[in-house]
């Protein structure tokens with residue numbers, strides 16, 4: 001079964017995104033509450049895709065994207081954020097994200 005790693009420090013957002021993805025893709029969601037936990041999980045089992053929040057303590061989403069690009073360049077990363085803007089989208093894509101989606105549009109754009 002294909003795996004999606006959902007990374008978000010807000011538990012509700014993490015599980016809503018995971019549930020949407022599981023329901024519409026049939027993939028299995030794995031969860032991490034921050035970038036450091038995500039990297040530890042990736043070392044154990046590389047997911048097929050990573051969906052990460054931007055604003056997180058210690059390691060933000062852009063830093064996580066860059067870390068994944070360095071060691072797991074083949075894994076697509078989608079950045080999501082509650083506070084979307086063109087500047088954030090451009091920064092995400094420059095950091096190596098495959099795509100960017102505002103959280104308010106998750107149900108429409110992510111699945």
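The values are calculated or read from the model by the stated rules, or taken from the named source; none is laboratory data. None of the values given here were measured: they were computed from a predicted structure. Cβ atoms come from the backbone with ideal geometry, glycine included; neighbour counts cover every protein chain shown.
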Residue count, the range 32-59 (criterion: part of a loop (DSSP other than H, G, I, E, B) and either surrounded by 18 or more Cβ atoms within 10 Å (Cβ to Cβ) or in contact (Cβ under 8 Å) with a residue 60 or more places away in the chain (or both)): 5
task: Please indicate, with yes or no, whether at least one residue in the range 85-94 is modelled with pLDDT of 85 or more, assigned to a loop (DSSP other than H, G, I, E, B) and out of contact with any helix residue (DSSP H, G or I) (no Cβ under 7 Å at 6 or more places or on another chain).
output: no
message: Restricting to the range 1-31, name every residue that is out of contact with any strand residue (DSSP E or B) (no Cβ under 8 Å at 6 or more places or on another chain) and crowded, with 16+ Cβ neighbours inside 10 Å.
response: 16, 20
